[in-house]
Number of protein chains: 2
Amino acid sequence: MEARIQVTYAFAAASKEAAEVRAREIALEQTVELPEGVTPDAVAEAVVARTESVEPHRKGRWRAVLSFAPDLVGDDVPQLLNVVYGNVSVHRDVRVLDVELPPAVLEALPGPAVGLGGMRGLFPAAEGRPILVSAVKPVGLSSAELADRCAALARGGIDVIKDDHGLSDQRFAGFRRRVERCAEAVRGARPAGEAEALYFPNVTAPFDRIMERVELAREVGCRGVVVSPFLVGLDVLRWLAASSGMAVLAHPAHAGGLLGAEHGIAPDVLFGYLLRVLGADGVIFMNPGGRFAVSEADADAVVARLRAPIEHVAPAVPVLGGGVDADRVPHWIDRYGVDCMFLVGSSLYAQADLEEAARKLRGAVEAHCRG
Amino acid sequence: MEARIQVTYAFAAASKEAAEVRAREIALEQTVELPEGVTPDAVAEAVVARTESVEPHRKGRWRAVLSFAPDLVGDDVPQLLNVVYGNVSVHRDVRVLDVELPPAVLEALPGPAVGLGGMRGLFPAAEGRPILVSAVKPVGLSSAELADRCAALARGGIDVIKDDHGLSDQRFAGFRRRVERCAEAVRGARPAGEAEALYFPNVTAPFDRIMERVELAREVGCRGVVVSPFLVGLDVLRWLAASSGMAVLAHPAHAGGLLGAEHGIAPDVLFGYLLRVLGADGVIFMNPGGRFAVSEADADAVVARLRAPIEHVAPAVPVLGGGVDADRVPHWIDRYGVDCMFLVGSSLYAQADLEEAARKLRGAVEAHCRG
């Protein structure tokens, strides 16, 4: 029998019988969208999700594993998202606890084209330590001013300088000019013989301009980009991985709707599994103790799942951001190891000298990883 | 002074002072993403959101109006969404209560290209009554079987037969063949001289296939399409309105993450304002009393806002769906008037004869609107 898409849902129900009814309602809602008995038997057999198990979860809540035919999805990411959490997302008590895709669906997705290994290859100087990322910002500066900040961060030893995710094509610093200036500034920043830093522009853009921004980034010689998939649709990740030839960092802006305690999609499934199998090489999410309320358990689970074996799918790189204090980076290295990226922005900018702040961070990270 | 983007946020705070601090944190997070004092003054003045007011909301919660410079957004819809509810979406207590766009931003957006007036023009037979919509389904049927259902619904008097939102390009009924067969079936269904029904295919698709699906729908002669903007990115609506030349119905699949009571975006803002100004001609949402828990107050507010005056922006059509019982349609006409579309699916399919079920619905609606 062909392996099926497995989705574990948690939801409220008063009894096991009620939970079984609820699971069946979800199975119908997410496929035929018709009540029981209205779909011809052979069609129902082929497309209605099957209830594989129903078990107690927490007080008043149950967990059900439903399995879906891969043919409902094929290689269609919006349809995958629809089957997993389309109409049923409107029910405020339904949360996706797990998703597991069968080989037929995984093979139709690119997964990370660069992945952890490829990312390490882009930054030979970062061997034995985490890759350091910072953001060029804020929106409102000119392209020349942003390029100066890029250069300072690169000289100070940051490996990746990415656009802040709010930089698009505003009049302050239009996309083309900004990308040209910033890429040039980063390329020329380090002394000859030292490993280069790389600049990753933000290609989050209107639907009909994404392709031209990616093309421009490529022409300028960029080796990676950042995108906010929750703003432009998750399938853009798949397309970037399949066709851009660049490393892709996924930014979590606008993802918060999916992060309810009893609603949405569990963070390790969303950030650790789905974004990875769609093609993110690095996944930015919120580190615990930063300016977003994220539990250590959730962060641990995301990190673990980004790097865990999945069939042929390359591991992706956890990118801890959202208020990573430079002073705390050694702590996070102890917790998550060196196969990470640390996105440190505000705590560098809060210091008087950006280049010096970057240099101190790089020095502290190297000393910690040597020791 | 240039008019600004106004966003009203509600959030938790223990006192007015704490609420003011919180408002300022949101203003920084949604723009410069830097702590207070780090951004050069002139840049901060140009781009950091301003706190216009902070007032008590509900117990323990406050509402703050923040205003943003239109230059942060321009005509960039993902960036609009990012400014309104990007990073701050990760804070589980923050909800968007209102959004108001200034003329500079509204003029950069198409708004509904067809709108209520244009939709009425497509269905002259529906004068004086709501436009009746049904869905062809389920996924799993062949194109020929789906076309037969289309024909039955059209003969029975349904005005718009739209693809179920779960129909994409599955092997059961590939997009091209399905759209050709269904369009043909609907076109030929009514006797000569009677107003034609129209078939609206689903163009929700992978990022790099949306344009070709829209092109194919146009070639086949379709006058409208359905899309799930929450699955493919809200900017696809803007692009469809600006360039497709067809009526656009927006489907709410996967929108549920934004529908929290103290998190997300208020339904009238999301469905009634944002989807309309982006370009939806008709907005499908869940009617109260259907299979989704939606309050009458929320539905009332969405309906009102879709049709309320906004500068030059055409009114859009409320499309009540998600379990509209055929027998209850007269009740909803009394509540929402005739300038609506009613999406009736399951309750027709649950009857033995689909064509006859459609005919009964059409007859009941006409009788009610005459009476």
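Placing a label point 7 Å from the Cα of A:Ala367 along the Cα-to-Cβ direction, the distances to the matching points in the other copies come to 8.7 nm, shortest first. If a/c stays under 1.5 just call it rounded; otherwise compare a/b with b/c (prolate if a/b is bigger, oblate if not). Do that for the range B:254-333, with a ≥ b ≥ c from the square roots of the Cα gyration tensor eigenvalues. Oblate, because a/c is 1.5 or more while a/b does not exceed b/c.
Chain A packed on chain B takes about 6300 Å² of accessible surface away from a 1.4 Å probe, both sides summed.
How large is the dipole of chain A about the Cα centre if only Lys and Arg carry +1 and Asp and Glu carry -1, each at its Cβ, rounded to the nearest 20 debye? Spell out each step's value before the answer.
Details: 39 positive and 49 negative charges, 244 e Å.
With Lys and Arg at +1 and Asp and Glu at -1, about 1180 debye.
For the Cα trace of the range B:176-255, dividing Rg by the Kirkwood Rh returns an Rg/Rh value of 1.00. The dipole here belongs to the range B:191-319: it is taken about the Cα centre, uses +1 on the Cβ of Lys and Arg and -1 on the Cβ of Asp and Glu, and is about 100 debye.
Summed over the residues of the range B:194-301 and divided among them, the accessible surface reaches 24 Å² per residue at a probe radius of 1.4 Å.
R0 = 35 Å: FRET efficiency of A:Asp327 with A:Ala108, Cβ-based, nearest 0.05?
Details: r = 44 Å, r/R0 = 1.26.
With a Förster radius of 35 Å, E is 0.20.
I'd like the trypsin sites (Lys or Arg not before Pro) in the range A:338-371 restricted to DSSP loop residues with at most 10 other Cβ atoms within 10 Å, sorted by number. Could the numbers behind the result be given before it?
Values: sites: A:Arg359, A:Lys360, A:Arg362, A:Arg370; in loops: none.
Counting only loop positions with at most 10 other Cβ atoms within 10 Å, none of the trypsin sites (Lys or Arg not before Pro) in the range A:338-371 qualifies.
B:Leu132: net charge of surrounding residues, Cβ under 12 Å, Lys/Arg +1, Asp/Glu -1, itself excluded? Could the numbers behind the result be given before it?
Numbers: positive: B:Arg129, B:Lys162, B:Arg359, B:Lys360, B:Arg362; negative: B:Asp159, B:Glu366.
Summing Lys/Arg as +1 and Asp/Glu as -1 gives +3.
Please report the antiparallel percentage of DSSP beta bridges with both residues in the range B:224-371, rounded to the nearest 5. Bridges in the range B:224-371 are about 5 percent antiparallel.
How many Å³ per residue does the convex hull of the Cα positions in the protein assembly as shown occupy? Don't jump to the answer; show the numbers that get you there.
Numbers: hull volume 112.0 nm³, N = 742.
Cα convex hull per residue, to the nearest whole number: 151 Å³.
Burial of accessible area (probe 1.4 Å, heavy atoms of protein chains only) in the range B:72-97, relative to its chain alone, reaches at least 30 Å² for B:Leu72, B:Asp75, B:Asp76, B:Pro78, B:Gln79, B:Leu81, B:Asn82, B:Asn87, B:Ser89, B:Val90, B:His91, B:Arg92. A DSSP coil position with no more than 14 other Cβ atoms inside 10 Å describes the following GluC sites (Glu not before Pro) in the range A:57-158: A:Glu127.
If you look at the Cα atoms of the range A:296-371, you get an Rg and a Dmax of 14.0, 47 Å.
First check a/c for the range B:109-208, with a ≥ b ≥ c the square roots of the eigenvalues of its C-alpha gyration tensor; if it is under 1.5, answer rounded, and if not, answer prolate when a/b is larger than b/c or oblate otherwise. Please list the in-between numbers first.
Working: a/c = 2.33, a/b = 1.24, b/c = 1.88.
Because a/c hits 1.5 or more and a/b fails to exceed b/c, the range B:109-208 counts as oblate.
Across the range B:244-317, C-alpha contacts under 8 Å between residues 6 or more apart give a mean separation that, scaled by the residue count, equals a relative contact order of 33 percent. Classify the range B:1-117 as rounded, prolate or oblate, taking a ≥ b ≥ c as the square roots of the eigenvalues of its Cα gyration tensor: rounded when a/c is under 1.5, otherwise prolate if a/b is larger than b/c and oblate if not. Oblate, since a/c reaches 1.5 and b/c is not below a/b. Roughly how tilted is helix B:296-307, in degrees to the nearest 10 and between 0 and 90, from the longest Cα axis of chain B? Compared with the principal axis, the helix lies near 90 degrees. What whole number of Å gives the distance from the Cα centroid of the range B:58-121 to the Cα centroid of the range B:165-197? The range B:165-197 and the range B:58-121 have Cα centres separated by 35 Å. Sparsely packed loop sites in the range A:1-57 (the GluC sites (Glu not before Pro) outside DSSP H, G, I, E and B with at most 15 other Cβ atoms within 10 Å) comprise A:Glu2, A:Glu36.
So with the 1.4 Å probe, I'd like the accessible area per residue for the range A:1-82, rounded to whole Å².
In whole numbers, the range A:1-82 has 42 Å² accessible per residue.
With its label point put 7 Å out from Cα toward Cβ, B:Val38 sits 5.4 nm from the same residue's point in the other copies, in order from shortest. When DSSP beta bridges are restricted to pairs lying wholly in the protein assembly as shown, around 45% turn out antiparallel. The value obtained for chain A, namely the Cα convex hull volume divided by the number of residues, is 139 Å³ per residue.
For chain B, DSSP calls about 45 percent of its internal beta bridges antiparallel.
At 222 nm, what value in deg cm²/dmol follows for chain A if DSSP H runs of at least 4 each add -39500 (n - 2.57) and the sum is divided by all its residues, to the nearest 500? One gets -10500 deg cm²/dmol as the mean residue ellipticity at 222 nm.
Would you please report the Å³ per residue occupied by the convex hull of the alpha carbon atoms in the range A:55-180?
Numbers: hull volume 28.1 nm³, N = 126.
Normalising the Cα hull of the range A:55-180 by residue number yields 223 Å³.
Partners of A:Lys59 within straight-line reach, counting aspartates and glutamates whose Cα lies under 20 Å from its Cα and excluding those fewer than 8 residues away in the same chain: A:Glu17, A:Glu20, A:Asp93, A:Asp98, A:Glu262. Remark: relative contact order (the range B:103-256) = 22 percent; criterion is Cα-Cα distance under 8 angstrom and separation of 6 or more residues. Percent of accessible area on the range B:316-371 owned by carbon and sulfur, 1.4 Å probe? Carbon with sulfur: 46 percent of the solvent-accessible area.
Distances over 14 Å make up what percent of all Cα-Cα pairs in the range A:223-299? When all Cα pairs of the range A:223-299 are counted, 60 percent exceed 14 Å. Between this copy and the others, label points of B:Leu216 are 3.2 nm apart in ascending order, each placed 7 angstrom from Cα in the Cβ direction.
The values are calculated or read from the model by the stated rules, or taken from the named source; none is laboratory data. Since this is a predicted model, take the numbers as computed values, not measurements. Note that each Cβ is placed from the backbone with ideal geometry, even for glycine, and that neighbours are counted across all protein chains shown. With ligands, DNA and RNA removed, areas are computed over all heavy atoms of the protein, side chains included. Shrake-Rupley method; radii C 1.70, N 1.55, O 1.52, S 1.80 Å.
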